[in-house]
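Right, one structure below, let's go through it.
The values are calculated or read from the model by the stated rules, or taken from the named source; none is laboratory data. Note that the coordinates shown come from a computational prediction; the quantities given were computed from them, not determined experimentally. Glycine also receives a Cβ, built like all others from the backbone with ideal geometry; neighbour counts cover every protein chain displayed. Side chains included, ligands, DNA and RNA excluded: accessible areas come from the protein's heavy atoms. Shrake-Rupley method; radii C 1.70, N 1.55, O 1.52, S 1.80 Å.
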Amino acid sequence: ANGAGSLTTVKYQERAKTCHWRHVMAWIVLVLSGICEAVWAVALDKSQGFTKIIPVIVFFCGLAASMAGLSYAMRSISVGAAYVIWVGIGAAITVVYGMVVGEESVSVLKILCLIGMVACIAGLKLAN
């Protein structure tokens, strides 16, 4: 009986490790898909109404990667948390990109709001 219990414990520990790593991978993929969201948003702008071929290709590739990653992450992360974090990452990166390249004005209020948004995203991750 002792051997069977020990084997069950080992199987449970292995399953727990697998679930843990699946969950960690889901978060990594979610962050990467949020980055891809920013890529497709910027590419959409650069495509000038789908008239420039390279930005159009980047848009569709970024969109596909972003949606695939979000879909994968939602297998382990609740839809509410995954979606708001995905959107938040994409929005924050898109705004920062716009500020860096000079397409978006920079202000203390915008920077404080971005910091607040990132803090909220981190808070949702910690609460999940």
Could you tell me which of the residues VAL118, VAL106 is at pLDDT 95 or above and either in contact with a Gly (Cβ under 9 Å, 6 or more places away or on another chain) or more than 17 Å from SER33 (Cβ to Cβ) (or both)?
-> VAL106
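Give the residue, chosen from ILE35, ILE115, ILE54, that is within 30 Å of HIS23 (Cβ to Cβ) and out of contact with any helix residue (DSSP H, G or I) (no Cβ under 7 Å at 6 or more places or on another chain).
Every option except ILE115 fails the conditions.
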Could you identify the single residue in GLY69, GLY88, GLY62 that is touching a Ser or Thr at 6+ places or on another chain (Cβ under 9 Å) and within 25 Å of LYS46 (Cβ to Cβ)?
-> GLY69
Criterion: part of a helix (DSSP H, G or I) and either closer than 19 Å to ALA73 by Cα or open to solvent by less than 70 Å² (accessible area, probe 1.4 Å) (or both) - qualifying residue of ILE115, ILE111, ILE89 | ILE89
So which residues in segment 32-78 are within 29 Å of LEU124 (Cβ to Cβ), outside any helix (DSSP H, G or I) and open to solvent by less than 80 Å² (accessible area, probe 1.4 Å)?
-> MET74, SER76, ILE77, SER78
Look through LEU112, LEU32 and report the one residue that is aliphatic (A, V, I, L, M) and touching a residue at least 12 places away in the same chain (Cβ under 8 Å).
-> LEU32
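Just to be sure before I move on: is VAL29 surrounded by 11 or more Cβ atoms within 10 Å (Cβ to Cβ) and either at pLDDT 85 or above or more than 18 Å from the chain's Cα centre (by Cα) (or both) in the structure I sent?
yes
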